[in-house]
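Notes follow once the structure below has been shown.
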Amino acid sequence: MLCRPPAAYEYRGWHNGIVVIVRRLETDDYPFLQEFLYQAIYVPPGEPAPDRSLLRDPEISVYIDGFGHQLGDLGVIAESDGRPIGAAWARRIPGYGHIDANTPELAISVIPEFRGRGVGTKLMGALFTELTAAGEHRISLSVQTDNPAVRFYERLGFQVVNEQLDHAGHEDFLMVKQLGSAQRTSARDWRGASFGAAVVPNSA
Ligand SMILES: CC(C)(COP(=O)(O)OP(=O)(O)OC[C@H]1O[C@@H](n2cnc3c(N)ncnc32)[C@H](O)[C@@H]1OP(=O)(O)O)[C@@H](O)C(=O)NCCC(=O)NCCS
């Protein structure tokens, strides 16, 4: 476990009818990431949920394997009534939303019965605060173009910088958000840049 500064953000309060606590992800929380990673896999309406064995795919497991032991690993978790209900985390990995070696990539999910109640927005605000305090300048992600989460990300300041096909032929947006003072830099600076090999699945 790497030494880290004190948490920059902690939220506790009534939120859309539920009591929510949002705090930094700690070592004891890491086992929950497996479930949150599974919940982050986008399932288009009418399609069956993927088999959980998908989590063993190295292109998927890279989002959580050994989390907490790699420089820059950072996340936040939401709890309600003592139960983890969502998490957002960032990691420097060559994942689907890879921009460059200096930009952490986002993964986020809220468990289904708590979606659409503002928990994801709270998680993202907390993660942005933690990342900015840690000196990060931007964060990237990949999301399937037909995932309603695209609107969520745009509302939070992410901008589309590229479009790419995943292994299954789905179109994904590569999105970037500038953090802190770097927010003044337009995401247009990224358009047309080379992002290396277009990456794969249906992870978002
Ligand atoms: C995306 C997600 C993290 C947002 O968290 P949330 O708590 O539902 O979000 P909030 O309530 O703060 O904001 C609502 C927004 O989330 C998005 N959203 C809501 N339900 C969603 C769902 N089932 N799937 C994807 N996005 C959803 C919408 O953009 C919505 O905005 P809108 O009402 O203007 O359309 C959460 O819905 C989720 O886990 N979805 C499934 C997994 C996923 O798609 N993860 C992103 C992979 S890139």
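The values are calculated or read from the model by the stated rules, or taken from the named source; none is laboratory data. Bear in mind the structure is a predicted one, so any value in this text is a computation, not a measurement. Glycine gets a Cβ as well: all are built from the backbone with ideal geometry, and neighbour counts include every protein chain shown.
Quick notes
- Test for Leu37: is it more than 22 Å from Val150 (Cβ to Cβ), in contact (Cβ under 8 Å) with a residue 12 or more places away in the chain and part of a helix (DSSP H, G or I): no
- Filtered residues of segment 25-34 (kept if assigned to a helix (DSSP H, G or I) and out of contact with any helix residue (DSSP H, G or I) (no Cβ under 9 Å at 6 or more places or on another chain)): Thr27, Asp28, Asp29, Tyr30, Pro31, Phe32, Leu33
- Of the residues making up segment 103-127, those that are within 6 Å of the ligand (Cβ to nearest atom) and within 14 Å of the chain's Cα centre (by Cα) number 6.
- Total residues in segment 147-158 satisfying the condition of being more than 6 Å from the ligand (Cβ to nearest atom) and surrounded by 17 or more Cβ atoms within 10 Å (Cβ to Cβ): the figure is 3.
- Output for segment 103-128, where each listed residue is surrounded by 15 or more Cβ atoms within 10 Å (Cβ to Cβ), not in a loop (DSSP other than H, G, I, E, B) and not small (Gly, Ala, Ser): Glu105, Leu106, Ile108, Val110, Phe114, Val119, Lys122, Leu123, Met124, Leu127, Phe128
- Subset tally (residues that are among the basic types (Lys, Arg) and either closer than 12 Å to Glu26 by Cα or assigned to a strand (DSSP E or B) (or both)) for segment 69-92: 2
- Within segment 129-170, the set of residues being in a loop (DSSP other than H, G, I, E, B) and touching a residue at least 40 places away in the same chain (Cβ under 8 Å) comprises Ala134, Glu136, His137, Asp146, Asn147, Asp166.
- Residue match in segment 79-98 (condition: modelled with pLDDT of 95 or more, near the ligand (Cβ under 10 Å from one of its atoms) and not small (Gly, Ala, Ser)): yes
- Segment 153-174 - residue that is hydrophobic (A, V, I, L, M, F, W, C) and within 18 Å of Val43 (Cβ to Cβ) and, of those, modelled with the lowest pLDDT: Ala168
- Qualifying positions in segment 128-148 - among the small types (Gly, Ala, Ser) and more than 11 Å from the chain's Cα centre (by Cα): Ala133, Ala134, Gly135
- Test result for Ile64, more than 12 Å from the ligand (Cβ to nearest atom) and at pLDDT 95 or above: yes
- Any chance Pro58 is within 14 Å of the ligand (Cβ to nearest atom), without any contact (Cβ under 8 Å) to a residue 24 or more places away in the chain and under 22 Å from Asp172 (Cβ atoms): no
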